[in-house]
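These notes are about the structure you will find just below.
Coordinate-derived values only; no laboratory data. This one's a predicted model, so the numbers in the text were calculated from it and none came from an experiment.
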């Protein structure tokens with residue numbers, strides 16, 4: 001049972017031991033080959049969210065603005081739960097759409113961002129390919 005829990009945690013974190021590589025005596029884990037799980041639901045890791053940040057900023061702006069206004073007007077966290085759910089729903093829907101429209105490019109970009117700890121400068125080639133297939137609108 002403990003091994004199952006560890007495997008589940010690894011899946012959530014985007015780590016797949018079967019796809020690790022040796023490099024100068026260190027075992028380096030590569031990102032899983034997909035930004036979604038087996039059921040097609042997005043796995044919102046930091047690499048996935050960072051790679052999709054521009055798209056999220058554009059498509060989910062109304063939901064984010066409504067949430068921020070709510071937080072500004074009322075310090076009680078309970079008052080803004082519905083707005084927070086709207087933001088989450090928008091982001092997860094967007095991630096699912098992006099993965100359906102440009103799966104390979106998104107997975108390549110997310111894998112690069114994961115490998116290089118979200119350093120944009122080291123993943124410009126993958127970013128360009130991703131934004132070419134899934135342009136910002």
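Plainly put, the range 31-133 has a radius of gyration that is 1.04 times its Kirkwood radius, both from alpha-carbon atoms, as the Rg/Rh ratio.
Determine the gain in length on full extension of the stretch residue 46-residue 132; use 0.36 nm per residue of separation and subtract their C-alpha separation, reporting nm with one decimal.
Numbers: separation 86, 0.36 × 86 = 30.96 nm, distance 2.19 nm.
Separation in residues times 0.36 nm, less the Cα-Cα distance, equals 28.8 nm.
Applying 0.36 nm per residue to the separation of residue 69 and residue 37 and subtracting their alpha-carbon distance, the gain on full extension is 8.2 nm.
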